[in-house]
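One structure below.
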Amino acid sequence: MHLTFVGSGQVGGALAARLSSLGHEVTLAARDPRSESVLAAQRREPRLRALDPHAAVAAAEVVFLATPYAAAEAAARGLAAALTGKVLVDCTNPVGPGLTHGLASARSGSEVLQSAAPSARVVKAFTIYGFENFEDSLYPGYGGLKPAMLIAGDDPAAKLTVGTLCTELGWEPVDAGPLASSLHLEHLTLLWIKMARLQGQGAGFVWARLRRALRKGEA
């Protein structure tokens, strides 16, 4: 699959490198192909190539938006035409002062991005953990249980595409509902950050889903 990353920092760089290693054709959208973040990503994975953002997005099947949230809306708006019909994976989180929700919980950041690029098929994913878990999603010792990756979006086919990428990366994709549910995922991210960074639990933990078989008569 042809994937493009808008943003190649800690989150984007980690995901881009891993997806490239799985055989996907991964491009970094870069106004400056010699920027430190692009060069760092290419040192990690030499097969990553950098192209002008509009050309990179136009050629992609799936676009990952992994900039800091402060730059995300402008990036989506500027690329809106090229994003028409594309799956846009929102990897950003609006974080405010004191690890509060950056939009005062009035609206999810993903919905803001959908408004900025109305013809894109936005899916919230790869946001509920720190970048360390995107570098290495392996948690051995739990049998067949995989760490959960909660995703949200309004387009079922787009969520299926993103879910397939989640599975390839070692996650169990969990459909959290429509794009409006992204607000809850953004709060879950804030909880993870507080536990991992402030409480000192470290980045080496994730969420998982345990499911009981339905009993007779249960829906």
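Numbers below:
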quantity: Total lysine pairs whose alpha carbons fall under 19 Å of each other in the chain (8 or more apart, or interchain); calculated: 4
quantity: Using θ = phi - 60° and Karplus 6.51 cos²θ - 1.76 cosθ + 1.60, couplings along region 154-159 (whole Hz; Gly, Pro as x); calculated: 9, 9, x, 5, 5, 5
quantity: For the chain, calculated [θ]222 nm from helices alone, where every DSSP H run of n ≥ 4 adds -39500 (n - 2.57); calculated: -10000 deg cm²/dmol
quantity: Semi-axes of the equivalent ellipsoid for region 2-198, Cα gyration tensor, largest first, Å; calculated: 22, 21, 17
quantity: GNM flexibility winner over the chain from G102, G141, G78 (Cα, springs under 10 Å); calculated: G141
quantity: Cα centroid separation - region 22-57 against region 148-183, whole Å; calculated: 24
quantity: For F5, distant residues with modelled amide H under 5 Å away; calculated: T27, L28, A29, F64
quantity: Folded to 0 to 90 degrees: helix 69-78 orientation relative to the chain principal axis, Cα; calculated: 60
quantity: For region 167-216: span of alpha carbons on each principal axis (Å, largest first); calculated: 44, 26, 25
quantity: Debye intensity ratio in log₁₀ form over the Cα atoms of region 134-219, taken at each q of 0.15, 0.23, 0.24, 0.25 Å⁻¹; calculated: -0.69, -1.25, -1.27, -1.29
quantity: Most mobile listed residue (G163, G23, G144) in the chain, GNM with C-alpha springs under 10 Å; calculated: G144
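Taken together, the values in this text are just the output of simple stated rules run on the coordinates, not laboratory data. On a predicted model such as this, the values are computed, not experimentally measured, just so you know.
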